Structure formats: C-alpha cells, structure tokens
1. Within the range 136-161, can you find the residues that are basic (K, R) and part of a helix (DSSP H, G or I)?
2. Tell me yes or no: at least one residue of the range 316-328 is of a type in the set (S, T, N, Q), assigned to a loop (DSSP other than H, G, I, E, B) and surrounded by fewer than 16 Cβ atoms within 10 Å (Cβ to Cβ).
3. Mind checking which residues of the range 283-307 are over 14 Å from L22 (Cβ atoms), without any contact (Cβ under 8 Å) to a residue 40 or more places away in the chain and part of a helix (DSSP H, G or I)?
4. Applying the selection to the range 66-87, what residues are crowded, with 24+ Cβ neighbours inside 10 Å and under 15 Å from I132 (Cα atoms)?
5. Is there any pair linking a residue in the range 28-45 that is without any contact (Cβ under 8 Å) to a residue 40 or more places away in the chain to one that is among the aromatic types (F, W, Y), with Cβ under 7 Å and at least six apart or on different chains, and which?
6. For the range 90-110, give me each residue that is within 14 Å of ligand 1 (Cβ to nearest atom) and free of Cβ contacts under 8 Å to residues at least 40 places away in the same chain.
7. Criterion first (within 16 Å of ligand 3 (Cβ to nearest atom) and surrounded by fewer than 18 Cβ atoms within 10 Å (Cβ to Cβ)) does R282 satisfy it?
Amino acid sequence: MYQENSINLLNLVLSLSDALDLASPNLAQHQMRTAFIAWAIAKESNIPNSDLEELFIAALFHDVGALSPEEKLNIHQFESINPDPHCISGEAFLKKISLFQQASQLVRFHHTSWEYWDQPISDPVVFGSQVIHLADVVERAITRSKYILHQEKEIIEYIDSLGTQFCPEVVGAFRSVAEREDFWLDLTSPRLYSILLHQGPGKRVEINLSGLLSISELFKVLIDFRSRFTATHTTGVATSASNIACKFGLTDTEIELMEIAGNFHDLGKLVIPNSILEKPGRLSPEEFALMKQHTYFTYSILSTIGGIQNIAEWAAFHHERLDGSGYPFHLDASRLTIGSRIMAVADIMTALAEDRPYRKGLENKEILKILDGLVAKNHLDGSIVEVLRKNFDEIVSVTKEKQAVALNIFQDEFSEEQAAIRTA
Ligand SMILES: [Fe+2]
Ligand SMILES: [Fe+2]
Ligand SMILES: [Fe+2]
C-alpha cells in the first residue's frame with residue numbers, strides 16, 4: 001500500500017522551518033530569510049560545502065527553542081530580552097537528532113557576540129554561529145511594510161553601528177553580498193521558498209523513515225510542551241494510533257508511518273496562540289474558527305514535503321468524519337482511508353482521557369460510550385472502535401506509560417516556572 005519512501009532533506013527542513021514561522025505574520029519566513037542571508041554570506045566566504053549545508057540547516061531552525069508564538073515574538077524584540085533559554089533549548093532539541101548534531105552547536109551560540117569568543121573565526125562553530133547571528137539581526141532589521149531597496153542602506157549602516165558584536169570578516173562578507181540588488185530582492189521575494197528549494201545547499205540529500213521518525217519526535221515536543229494541558233497529547237495519540245494499527249493488522253512499515261503521522265497530527269497547532277490552547281473554558285465560535293486552521297496547516301506543511309502523502313493524510317484528516325461533517329476538508333467515507341480513520345479514533349480517545357482546563361479526564365467506560373455514540377452517528381469507523389474495545393486495557397496502559405514519561409520530561413524541563421523564565 002505504501003510506496004518505498006525517500007524524503008528529500010532540503011524539502012523537509014524548508015517545510016518544517018516554514019511551519020515554525022507560521023506563528024505570527026510578523027515572523028513569516030523569518031528563519032528561511034535568515035538562512036538565505038547566512039547562505040549568501042557563507043558562499044561569499046568560500047567555506048567547504050559540508051559546513052555550508054550544516055550552517056544552512058542551523059539557520060533554518062535557529063529559533064526552534066522558542067516554543068510559543070508569544071515567546072517567538074519576545075525574542076524578536078531587540079532590547080532587554082534574555083536570549084539564552086531559546087538557544088539552550090534549541091541546542092538540546094536538535095542534539096537529539098543525529099542529522100542535526102553539528103547544527104545544534106551553531107544554534108547554541110547564535111546570539112553570542114564576537115567579543116565573547118576566544119577561538120578564531122576559522123573554527124566552524126564560531127564562524128557558523130557568527131554568520132547566523134548577523135543574518136538574524138539583518139532579517140529582524142527589515143521593515144516588512146517597506147520596499148527593500150528603500151531601506152537596504154539603513155540596514156547596512158545599522159549593522160556597521162553594532163561594532164564588536166560581529167567578527168569584521170563576517171561583516172565584510174555581508175557587505176559584499178549586500179551590494180547586489182538581487183540579494184535583497186531574492187531575500188524578500190514571496191518566491192524565496194522555491195528559490196531555496198531549487199538552488200539551496202544539500203538539495204540531493206535523501207533521508208529514510210527512521211530519520212523522519214526522529215525528526216517527528218522533535219516536533220512532538222515542540223507541539224506539546226507549550227502547555228501543560230497538551231503536554232502529553234501527541235504522545236498519547238501517536239502511541240494509541242500505532243497500537244490500534246498493530247491490532248488492526250497493518251504492516252510494520254505502516255505501523256511506523258502511523259507513529260510518525262501521530263507525532264505530526266497537530267503540527268498546525270504551532271500556529272495557534274497559547275491563549276486559545278489554554279483557555280479555561282470552551283472556545284467561542286470565533287476561537288473555534290481559528291482552531292480549525294490547525295489540521296489545514298498540518299496537511300499543507302506535510303504534503304509540501306513530498307514523498308509522504310500517506311503520512312500527510314493520516315495526520316491531517318483526524319477531524320474529518322465518515323459522514324462528511326468534519327473539518328476543514330469535509331471528506332467522507334469514500335476518501336478516508338483506514339490510517340485516517342484510526343487517527344480520528346486515537347485522537348478522540350486520547351483527548352477524552354486528558355484533563356482539560358474546564359474538565360477532568362474521563363473514565364475508560366465513559367470514553368467507550370462516547371466512541372460508540374460517534375460510531376452510531378457515522379462519525380467514526382465501528383470496526384476500529386471494535387478492535388480498540390477488544391484491546392482497550394492493553395492499549396490504554398501502554399499509552400499511559402508513554403504519557404507518564406513525557407509528563408516527567410515536561411515537568412522537569414518545561415514547567416510553568418520554566419515558561420515564566422522563557423517569556424520574562
Ligand atoms: Fe534567536
Ligand atoms: Fe531569529
Ligand atoms: Fe487536532
């Protein structure tokens with residue numbers, strides 16, 4: 001059923017970087033533009049290709065450690081914000097993925113001033129993090145409402161005014177690329193994504209499913225750890241969906257795909273502000289309308305990556321219903337495959353078991369009763385709920401175990417006190 005997959009790394013990192021910047025219109029393409037500037041400076045400096053590729057990935061994910069849209073906006077301000085927490089978390093997140101080991105170092109130091117370095121600029125970590133530091137400041141200095149060639153001189157002057165913050169050689173390389181109008185026009189072009197996709201470094205690198213699984217584990221954390229109410233949701237959905245898939249008789253590859261899809265299913269929630277995620281009550285119709293974007297973005301981000309259409313559909317169709325009454329695509333039974341149907345059941349059962357700001361988690365018996373009601377209304381697939389019922393205790397206990405591990409990590413590293421430090 002599933003075609004052997006190899007996923008283009010450049011396409012994957014571009015799409016996911018873009019997803020992280022959807023949090024606010026003020027941030028749109030911030031990391032992608034920073035990566036473009038960093039790439040241009042690095043090319044001008046003639047560094048080896050392998051270093052250039054690492055630098056590019058690091059720039060695309062340089063603010064990955066800032067969790068909520070609120071925190072992302074905070075670190076965008078120029079003054080009196082402590083940038084350390086997002087650098088430290090960013091390094092910790094990326095270090096867990098073997099593909100991003102080297103990039104994690106550059107992210108750690110992307111706010112470090114040149115004057116603090118003892119090592120020379122020939123050290124790839126010093127060079128890479130200095131380049132991202134400069135590129136990030138240039139990107140943030142752009143006034144988005146103003147034509148770029150009416151402000152480039154001011155931006156160059158501004159960089160010059162920052163003195164010892166950047167290594168003079170890096171500033172020199174920036175000044176030479178900044179002489180060309182096409183640099184500024186590409187940088188602010190709405191077509192930047194496709195420019196980078198076709199011309200960016202590392203475009204022939206392919207990754208396999210296990211690489212994708214580890215990246216999806218990172219996104220699981222980014223999606224869930226923004227709020228204590230969602231801290232274990234993705235873990236619950238990915239675990240229960242892959243276990244239902246196993247009991248349903250899907251193949252080992254499909255079970256792995258289901259876990260990846262589960263990790264990504266609420267990817268589009270990166271767009272939703274914490275004030276809505278944590279609202280202590282039911283959402284108003286206006287807020288619910290905002291919430292409806294999340295699966296739209298899950299789909300549009302994952303399907304742009306290419307080569308993982310099954311994962312995109314299984315992940316993004318979890319609010320679709322068999323009678324066509326779901327959202328946002330209004331697909332019905334004729335379009336919903338078994339993977340999407342399993343995800344819908346896993347999502348509802350996990351959500352019902354969780355505490356919400358306005359209610360406690362429900363007991364097992366009540367959960368099954370609600371699922372039966374949804375089967376009767378032709379919202380959910382009865383054959384999946386049957387398989388779940390037969391294996392309910394086992395699936396619930398495996399899922400709770402994994403959720404307990406996730407909750408411990410959340411409490412140790414991402415508790416409310418931690419969040420307060422991050423957004424202070
Ligand atoms: Fe940053
Ligand atoms: Fe940034
Ligand atoms: Fe959802």
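The values are calculated or read from the model by the stated rules, or taken from the named source; none is laboratory data. Everything quoted here is computed from the prediction, not taken from an experiment. Here the Cβ positions follow ideal geometry from the backbone for every residue, glycine too, while neighbour counts run over all protein chains shown.
1. R140, K153
2. yes
3. Result: P285, E286, E287, F288, A289, M291, S303.
4. The answer is H86, and nothing else.
5. Once the first residue is without any contact (Cβ under 8 Å) to a residue 40 or more places away in the chain and sits in the range 28-45, its partners that are among the aromatic types (F, W, Y) give Q31/F61.
6. Scanning the range 90-110 gives G90, E91, R108, F109.
7. Yes.
Condition check ((1) within 15 Å of ligand 3 (Cβ to nearest atom); (2) at positive phi; (3) surrounded by fewer than 18 Cβ atoms within 10 Å (Cβ to Cβ)) across all residues:
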| site | (1), (2), (3) |
| --- | --- |
| A261 | yes, no, no |
| L267 | yes, no, no |
| A289 | yes, no, yes |
| D332 | no, no, yes |
| M349 | yes, no, no |
| D355 | no, no, yes |
